[in-house]
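Please treat every number below as a calculation from the coordinates, not as lab data. Bear in mind that the values here come from a model prediction, so they are computed numbers and not experimental data. Every residue, glycine as well, gets a Cβ built from its backbone with ideal geometry; the counts of neighbours run over all protein chains shown.
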Amino acid sequence: MSSQIDHLLNETRRFAPSPEFAADAVATADLYAQADADRDGFWAEQARSLHWHTPFTQVLDWTNPPFARWFADGELNVAYNCLDRHVAAGNGDRVALLWEGEPGDERRITYAELTEEVKRTANVLEELGIGVGDRVAIYLPMIPEAIAAMLAVARIGAIHSVIFGGFSADSLRSRIDDAGAKLVITADGGYRKGRVSPLKPAVDQALGDRGAGPQESVEHVLVVRRTENDISWTEGRDIWWHEAVAAASSEHEARPFPAENPLFILYTSGTTGKPKGILHTSGGYLTQAAFTNRVVHDLHPASDVFWCTADIGWITGHSYVTYGPLANGATQVLYEGTPDTPHPGRWWELVETYGVTILYTAPTAIRSFMKLGREIPQKFDLSSLRLLGSVGEPINPEAWMWYRSIIGGETAPIVDTWWQTETGAIMVSALPGVTETKPGSAQVPLPGIGIDVVDDEGTHVGNGNGGLLVITQPWPSMLRGIWGDPERFVETYWEKFHDKGFYFAGDGARLDEDGDVWFLGRVDDVMNVSGHRLSTTEIESALVGNEAVAEAAVVGAADETTGQAVVAFCVLKESFLKAHDVDGIVDILRRWVGEQIGPIARPRDVYIVTELPKTRSGKIMRRLLRDVAEGREVGDTTTLADTMVMSTIQSKITEK
Ligand code: PRX
C-alpha cells in the first residue's frame, strides 16, 4: 500500500482551468473567503436560493451535538422547490428529463409535465392514507416514475426509502421492516442487459410468508407497468400506478413543512451485518445538494444537459439525479439500462444523441471502458462534453488521464468528488474554473466545509502525512441519524473523536505537500466494489447462513476494474462434508450470496479452506487473507495462534 501511495504522491501533472472556462464558471475563488469569513452566513445565503414558505431566522443549531438542526424555524416544500417554482418562473416548458429506456424507447418530460405527474401521484398517496412522517419504500428501475415517486412522497411530507432494484427479496424485506414502510412502490419489471428484470416477484416474496417476523406494516403496493411481463396480483393490496395516477386530480397544493422534516432514509452498509438507515432531512439537505450541483458541476440550468449515471437506489442518484438538478431547474438525461446493451458504445451514443455537456460517473465505469479500448468512444461525437465528474471511489491517475483525453477531448475539467451517503452531498472536490486539478487527488474541501486529516488522537498530521479523514464542522446536508438507532449514530461517527467533536468518516487519507487530500480507501470492514459499499460482516453472515458453511471470512481484494472485489474464505461443516459431495460448492456459495443480498455482493472468489487464520484471542486476521487474495507474500504471522494455517491456505489456493 505505501509504495502505491508514494507513487501516487509523485504525480506531478497539473491542469489549470482554461481562461474561457473560468470566465463563465459558476464557482469563483471568493467563495472560499466568503465562507471563511462567515460560515453560517455563507450557508444561509445558499439556502436562500431555495423557495421558503416561511423564511428561517436561525441557521445552525449545534447546541445538542452531534444532533444538528439547520434552518430549523424555516418551512419549505422540497417538491415545490424541484418543480412548481420552475413552472411559476416561466420555465414549465423546459425539459426536465430526457429519458431513454434500455430497448431504446424515449420520453421527454418538461417541468410542467413532471409537476402534474407528481401532483397526481401525491393525491394517490394521500388517498392511500400516507401522511406526514409515514415511510414509503421505492423499488423501481430508472424510469421517470421513480423520480416522480420520490418527489410525490416528499411533497406530502412523508419519508421515502429507495431500495436499489438489484437488491434481493431478503434485503428488501429487512429494509421495509426496519423502516416500517406502509406502502411499496414498484414496477412489473425493468430492462437490464437486454432482458426483463422482474421486480414485483421480489416484493411479493418480501411481503409473502412473514413467518415469525414483525407485524406487517405494508398496506398497499403501487405497481408501475413498464415491461408488461406476467406478475401475480394480490387483490386489495396491489394497485396499478397508471390507473390510480390517471384517475387522481391534477391539483395538489404543496404544503410547507419544517426544514428538519425527514426527507428520506437510505440504507447503506456499515461494519456490522445490519445495514443502517441513514436519515436525511429537508432544508439543509436540499441546500447543499443544489449548491454543490451548481458549483462543482458548473451547472448552467438554461443551457446544460446534465447526466449523472448513478441509479436512484444510491445516494448519488438521490442528490445528483433527483434533488440537486431538479432544484436547480436543469435538463438531464436519465437512462434505464446497462452501459453495454445492446452495444458497448451505448453511453457515448447517449452523450452524442442528447448533447450531454456534463457527465458525472464512477471510476469503475471509466476503467471498464478503458479496458474495452478507446475505439469505442471515438466512434461518437463527444464534443458537447465540457465538464467531467467522478464519484464513489478513488480514481487512479491512469483512469483520470484516460477520462480527460478520450472522453473530455483534453479540455473538459475533471472534478473528483469525495462524499458519502452520510454526508448527503459533495464535501471534497476541486472547483472547476478555480482549482488547478491533479490526477488522482480529490483535493480540497468545498467552501463552508471543514475537513482535516488527523492521527488516532485527532491531531492534524501535517502536509506530506497520512491519517484519518475527519469532518470538523457540522454541514447542512449531514445525516441527522440512523433510523431507529441513535446510539449507533453516536457510536459509529462521533465517539472516536468525541473530545474534538469531529465526524469520523471511516476513510484513510493523505495530505500532499500542497495540502491536497488523497483518499486511500476505507479503514474499517467496509469494502468498495464498483463504487458500491458492502460490508464484510454482512457477506460473512450470509455465508454462514448456508447449511454447508461453518465459518467464513470475507476480504476486499484489489481489483483492476471494480476497485475492490469480494473474496471469501469458507470452512465447511464436518457434517456437511460427510453427507454431501462438495463438487460445485463454490458456485453454489457465490450464487447463495447473490440471492441473500443481491448480485453486487456475489464474491469474485470463494476459497474452501480447513481453518481460518486467527489470533490467540480468536480474532480473524483479515490482513493475511487479503495478502493471499491479492497474490502477495503473506505478511507477519507471528501473532497467529497456529502459524501453519497460512501456509495450508496458501498451498490450497495455488493448487487451484
Ligand atoms: O470510501 C469513500 C468512497 O465511498 C465511500 C462512501 O460510499 P457511499 O456512502 O456508498 O457513497 C458513495 C457516493 C458518494 C467513502 O467513505 N468514496 C466516495 N467518493 C470517493 C471515495 N473515495 C475516494 N474518492 C472519492 N471521490
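Taking 8 Å as the Cα distance limit and 6 or more residues as the minimum spacing, I'd like the relative contact order of the range 27-505 as a percentage. Before the final figure, lay out the partial values.
Working: 1022 pairs, mean separation 73.8, N = 479.
Over the range 27-505, the number comes to 15 percent.
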(request) Name the residues whose placed amide hydrogens come within less than 5 Å of the amide hydrogen of residue 606, ignoring near sequence neighbours (fewer than 5 apart) on the same chain. (result) 568
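With charges only on Cβ, +1 for K and R and -1 for D and E, what is the dipole size of the range 530-655 about its Cα centre, in debye, rounded to 20?
Details: 15 positive and 19 negative charges, 72 e Å.
Rounded to the nearest 20 debye, it is 340 debye.
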(message) Going by amide H atoms built from the backbone, whose H comes under 5 Å of the H on residue 337, apart from near neighbours?
(response) 102
(message) Charges at C-beta only: +1 for Lys and Arg, -1 for Asp and Glu. How large is the resulting dipole of the chain about its Cα centre, in Debye rounded to 20?
(response) 580 debye
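What pairs in 193/438; 379/438; 193/652; 274/496; 371/619 have C-alpha atoms more than 30 Å from each other? Could the numbers behind the result be given before it?
Numbers: 193/438 35 Å; 379/438 28 Å; 193/652 36 Å; 274/496 20 Å; 371/619 38 Å.
Long pairs (Cα-Cα over 30 Å): 193/438; 193/652; 371/619.
List the relative contact order of the range 530-655 as a percent without decimals, with contacts defined as Cα pairs under 8 Å and 6+ residues apart.
On the way: 187 pairs, mean separation 28.2, N = 126.
Relative contact order for the range 530-655 comes out at 22 percent.
Kindly rank 538-544, 151-157, 218-224 from highest to lowest mean number of other beta carbons found within 10 Å of each residue.
Going by the mean number of other Cβ atoms within 10 Å, highest first, we get 151-157, 538-544, 218-224.
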(message) I want the antiparallel fraction of DSSP beta bridges within the range 530-655, as a percent rounded to 5.
(response) 70 percent
(message) Looking at the range 123-253 only, what percent of DSSP beta bridges run antiparallel? Nearest 5 please.
(response) 20 percent
(request) Looking at the chain, send over the antiparallel percent of its DSSP beta bridges, to the nearest 5. (result) 60 percent
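Kirkwood Rh, the chain, all Cα pairs: how many Å?
Values: mean 1/r = 0.0390 Å⁻¹.
By the Kirkwood definition, the hydrodynamic radius is 25.7 Å.
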(message) Can you compute the charge dipole magnitude of the range 442-493 about its Cα centre, using +1 on each Lys and Arg Cβ and -1 on each Asp and Glu Cβ, nothing else charged? Give it in debye, rounded to the nearest 20.
(response) 280 debye
(request) Return the tail of the calculated pair distribution for the range 35-185, meaning the percent of Cα-Cα pairs more than 27 Å apart. (result) 38 percent
(message) Apply the Karplus curve 6.51 cos²θ - 1.76 cosθ + 1.60, θ = phi - 60°, to the phi angles in the range 448-458 and return the couplings in whole Hz, x for Gly and Pro.
(response) x, 10, x, 10, 8, 10, 10, 8, 4, 8, x
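I'd like to compare 22-33, 38-49: which one has the highest average count of other Cβ atoms within 10 Å, and what's the full order after that?
Order by mean packing, descending: 38-49, 22-33.
Determine the calculated [θ] at 222 nm for the chain from helices alone, applying -39500 (n - 2.57) to every DSSP H run no shorter than 4 residues and normalising by the residue count; nearest 500 deg cm²/dmol. Show your work: numbers first, answer last.
Numbers: 22 runs with 190 residues, N = 656.
Result for the chain: -8000 deg cm²/dmol, rounded to the nearest 500.
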(request) Beta carbons within 10 angstrom, averaged per residue: use that to sort the peptides 117-123, 91-97, 199-205, highest first. (result) 117-123, 199-205, 91-97
(message) Given contacts defined as C-alpha pairs under 8 Å and at least six residues apart, what's the relative contact order of the range 599-656, whole-number percent?
(response) 35 percent
(message) Which of the three applies to the range 530-655, rounded, prolate or oblate, going by the alpha-carbon gyration tensor with a ≥ b ≥ c and a/c under 1.5 meaning rounded?
(response) oblate
